[in-house]
Amino acid sequence: MADGNHLYLVDGSSYIFRAYHRLPPLTNRHGQPAGAVYGYTTMLWKLADSLNKADGPTHMAVILDASEHTFRNEMYDKYKAHRPPPPEDLVPQFPLIRVATRAFSIPCIEEAGLEADDIIACYVHEAKRAGWKVTIVSSDKDLMQLVEDGKVDMLDTMNDRRIDSAYVREKFGVGPTELGDVLALMGDKVDNIPGVAGIGPKTASQLIAEYGSLEAVLANAENITKPKLRQSLIDYADDARLSRKLVELVCDAALPQPIEELALTGIPKEPLQEFLEEQGFKALLNRLTGDGGPTSGRSSSGGGLDLAAASIASTPARPAEPEAISVDRSKYETVTDEESLDRWIAEATALGRVAVDTETDCIDCIIARLAGISLATEPNRACYIPVGHSGADLYSDAPNQLPMALVLEKLKVLMEDSAVLKIGHNFKYDWVMFDKAGIDTDPVDDTMVMSFDLDAGLHGHGLDELAKLHFEHECIPFKQLCGTGKSQITFDKVPLKEATEYAAEDADITLRLWQRLKPRLAADNVARVYDRVDRPLVPVISRMERRGVKVDRDYLAKLSREFSEEIVKLEERIYESACGPFTIGSPQQLGEVLYGRLGLKGDRKGKSGQYSTDVNELERLAGEGIECARLVLDWRQLSKLKSTYTDALQAQINPETGRVHTSFSLAGAQTGRLASNDPNLQNIPIRTEIGRKIRDAFVAEPGNVLMSADYSQIELRLAAHMADVPQLKTAFRDGADIHNMTAEELFGSADRDNRNKAKTVNFAILYGISSWGLAERLGISKEEGKFIIDRYFERFPGIRTYIEQTLQFARENGFTRTLFGRKTHFPNIRAGNPSHRGGAERAAVNAPIQGTSADLIKRAMARMDRALDDAGLEGVKMLLQVHDELVFEVPEGREEEAAAVVREVMSSAAEPALKLDVPLDVEVGWGEHWGAAH
DNA sequence: GGTCTCACG
DNA sequence: GACGTACGTGAGACCA
């Protein structure tokens, strides 16, 4: 369990009462009572400070009582009836508890109808199921029922005491499992649990210890010698049974927030500092900002950073120093007998973690067949298990491999063991391979995603590149084993000795990478985005890729033929107007024809000094009446559509599934967006009518429809929230047309022309504007462009502040963050070259907005399957993501229900982590093909 | 392999 | 005054 998760559940409600009674009546700087809040704050501080220490929390939540009335009142109307009202000067402190918790960026959980104790019990139950350790921060005796040695303990922060079952036994004479029976017998004055009159803690423990259970005590009441005790047990047996039910903790209610979302990493400094200042808690404030921070004196490398991590954020990111390692490939083992396999699995199980890599005969995981699996448990301790190697006639060792079915059967137990963390590099691929074998791998860490969350923008995240970067180690190149080009062989043909060296090395490096990167997640304050946004997405994306989307091949073929005919016609006319044939697809030749042979005016552009023939130039010429330019534009459009879409897409249809399986890259775009490749399904045409036809090729299976749900104007909404622009926020809340509104602010009226201009300006703002760029787009002078930008800043002052602050932060730190903490690095932000620097600045202005949008849709995706399942919509399948759009296959007749669930999940994606000032509107449509779903 | 062009958000 | 010029992608065609 050394590397397992450890959930800390803080019993906030009981803590505050104890803090109130224990601390002097302090007041905050507004003169309001704040003693209990102060005590509470120091307690959270202490807990957060133990983050990443041995046995410290990896996950944490504060649990509060939401309401007075619970199911126990239904059961027993006098429950807690005699409880006196809380002291007058404690009452105003209750809401501050939530404020304090938020300041620490720790999730705060409460649920109507449930007491804090029950919510805690539910989380304990779930965490145990997931193989996590749990510590309940409380000293409440009812909660001691949950203690289970090695799995669940309690922490009494006031007395600095761990509560285990020995402690419970010492105090109550029975273990945690019998404690409920003792509590039922003895009753509780404060909660008004009746118990059995005349029986206190001592007698209760004695009885339970002697008879074993409450029911046994009641059954044997007649035999009890002490007459008074005997009579009480007989008279109050019903009270005892009622009490038993009242002290029973509910552990099967739905969790208000999944446990994975409770990941605790660092504590961002800003909100905490603001809270401490607001309350005037000077001592803590000094600890936060001064040198004597709570973690000073401790090593800042590796783990152990939490509150201090906040101050790390103000130092620019430095590339990590490589760590010298020695890889000894001779230590790797080829597993070809059952006994060795069992030994490796046992070792991984005992350790609770294992690096895994699969080797196959093809890079496309959908059609790939397994060649072997490698495992690593410690540096230099790795093995390769061949299962699909062929060529027995070529290599004498090939027949030695274990049967694939046997290996998979044994590995299934390991891969599905919730107490064993599986570590992979780009695990999505391996996940699919195991999924095809009926193995549901969980839990998973992905070192590629970790590297991306830590260092996006600094370098790539491939295993070989990272090995070189972090360890100065050169991995065996794939080419060396399999060759290239025509003579390339597949991995299942590689001799076992070489295959073992290559495959085991990958697992070995992955494990070492994990050891190096994992502690940095907390130290760099990205564990939250990793744990809550990107990591949960790995299996979600894997499933989407495996499902694929159905494409109508005949329809595409028909389109191809139509485009072909049209292209031929256009070619003839182009040659005619250009006085002779040439390669239209060659920008070079086209440039010569237009600006040489036809003598038109044009600009040379780019490094190569070639004439530009892009769409802007051709549009300009076409506007001047040059027919040839118009024809070339049409030709370009059609040949693009044909080659990239109608032809290429047909070739991408998987013969087995009849569907197209894209690959989504999790570490693709610097901003945190996904990228789609092989084929790219995120750039299917929609903007022109003719291109749109290609969307009609994307269809649903018979009996289903395709449903599309997209966020409306999400980036502008986020800009309104993040830059805090009141007019924009109001407009979005009122459902106004945002471009019309901008047009009115900028130009005084909103006719069609002004609206289009305003739209361009709105986008320009998101992308990091320059007056020249805007002028170019709008076809106006640079001065006019500047005037419009100035006016925009004047009307929406928040935008200018946002841009300035973002750039200042980026210059100081070398990176930006999204609202969910995702980092994007900009090594060029202080470059001497103004062009490079300017590029980095514009990207830095855009990254927090584009990245937050990416975070939001990823959060929605991570929750989607569960939400659909909960609504009984298992038949609804998420297929594609296109940045602000999700595409589903939905059984006919279930469209309305599915739309409601999808809309709800997407529009509430920010919650509960964030409360946005703007609504996230989602537009949903469906039809027999993608084209009809918009 | 680099460059250009263009498809998408 | 020069620097180039909207942010983020992937893919196909051409050309050396």
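What follows is calculated from the coordinates using simple rules that are stated; it is not laboratory data. Source: prediction; values computed, not measured. Here the Cβ positions follow ideal geometry from the backbone for every residue, glycine too, while neighbour counts run over all protein chains shown.
Once the gyration tensor of the Cα atoms in the stretch A:447-558 is diagonalised, the equivalent ellipsoid follows with semi-axes of 29, 26, 12 Å, ordered largest first. Classify the stretch A:714-831 from the C-alpha gyration tensor, please: rounded if a/c falls under 1.5, else prolate or oblate depending on whether a/b exceeds b/c. Since a/c reaches 1.5 but b/c is at least a/b, the shape of the stretch A:714-831 is classed as oblate. What angle do you read, to the nearest 10 degrees and between 0 and 90, between the alpha-carbon axis of helix A:338-351 and the longest principal axis of chain A? Tilt of helix A:338-351: around 70 degrees.
Taking each of A:Lys436/A:Lys479; A:Lys757/A:Lys782; A:Lys141/A:Lys171; A:Lys550/A:Lys877 in turn, the alpha-carbon distance tops 18 angstrom for A:Lys436/A:Lys479.
Of the residues A:Gly773, A:Ile829, A:Thr742, the one whose Cα sits farthest toward the positive end of the charge dipole of the stretch A:714-831, with +1 on the Cβ of Lys and Arg and -1 on the Cβ of Asp and Glu, is A:Ile829.
Counting only Cα atoms, I'd like the Rg/Rh figure for the stretch A:483-549, Kirkwood definition for Rh.
Ratio value, two decimals: 1.15.
Averaging the Cα positions of each part gives two centres, and for the stretch A:573-624 and the stretch A:188-253 these lie 95 Å apart. A simple rule links phi to the HN-Hα coupling: the Karplus curve 6.51 cos²θ - 1.76 cosθ + 1.60 with θ = phi - 60°, which for the stretch A:118-130 gives 5, 4, 4, 4, 4, 5, 4, 4, 5, 5, 4, 4, 7 Hz, with x for Gly and Pro.
Radius of gyration over Kirkwood radius for the stretch A:2-50, both on Cα atoms: the Rg/Rh ratio is 1.12. For the pair A:Asp917 and A:Glu592, the difference between a 0.36 nm per residue extended length and the Cα-Cα distance amounts to 111.5 nm.
Under 5 Å from the amide H of A:Asn704 lie the amide H atoms of A:Glu892, each residue being 5 or more positions distant or on a separate chain, with H modelled from the backbone and absent for Pro and chain starts. Sorted on the mean count of surrounding Cβ atoms within 10 Å across their residues, most packed first, peptides A:836-843, A:528-535 read A:528-535, A:836-843. Candidates A:Phe793, A:Tyr40, A:Val615 compared by Cα position along the dipole of chain A: farthest toward the positive end lies A:Phe793, with charges placed on Cβ. Checking the Cα-Cα distances for A:Lys53/A:Lys151; A:Lys189/A:Lys245; A:Lys53/A:Lys858; A:Lys46/A:Lys151 against a 27 Å cut-off, the pairs over it are A:Lys53/A:Lys858. Across the stretch A:797-807, coupling constants 3J(HN,Hα) worked out from phi with the 6.51/-1.76/1.60 Karplus curve, θ = phi - 60°, read x, x, 5, 4, 4, 4, 4, 4, 5, 4, 5 Hz, and Gly and Pro carry x.
With only Cα atoms counted, the stretch A:6-131 has Rg and Dmax values of 15.7, 47 Å.
Under a model in which nothing but the beta-carbon of Lys, Arg (+1) and Asp, Glu (-1) is charged, chain A shows a dipole of about 2300 debye around its Cα centre. Find the Cα radius of gyration of the stretch A:198-291, compare it with 2.2 N^0.38 Å by division, and give the number to two decimals. Rounded to two decimals, the normalised Rg is 2.07. Taking a temperature of 10 °C and a viscosity of 1.306 mPa s, what whole-number D in µm²/s does Stokes-Einstein yield for the stretch A:726-794 with Rh from Kirkwood over alpha carbon pairs? Once the numbers are plugged in, D ends up at 132 µm²/s. Normalised by 2.2 N^0.38 Å, where N is the number of residues, the C-alpha radius of gyration of chain A stands at 1.10. Mean projected area of the Cα convex hull of the stretch A:549-660, taken over all directions, amounts to 8.4 nm².
Under 5 Å from the amide H of A:Leu421 lie the amide H atoms of A:Arg353, A:Val354, each residue being 5 or more positions distant or on a separate chain, with H modelled from the backbone and absent for Pro and chain starts. Within a straight-line Cα-Cα reach of under 14 Å, A:Lys133 can be paired with the following aspartates and glutamates, leaving aside sequence neighbours fewer than 8 residues apart in one chain: A:Asp3, A:Asp55, A:Glu148, A:Asp149, A:Asp153, A:Asp164, A:Glu260. Whole-Hz Karplus values for the stretch A:95-110 come out as x, 5, 4, 5, 4, 4, 4, 4, 4, 7, 6, 9, x, 10, 10, 8 Hz, taken residue by residue from phi with 6.51 cos²θ - 1.76 cosθ + 1.60 and θ = phi - 60°; glycine and proline positions read x. Take the convex hull of the alpha carbons in the stretch A:329-547; its mean projected area over all directions comes to 12.1 nm². For A:Thr336, no residue whose modelled amide H falls within less than 5 Å of its own remains once neighbours fewer than 5 places apart on the same chain are excluded.
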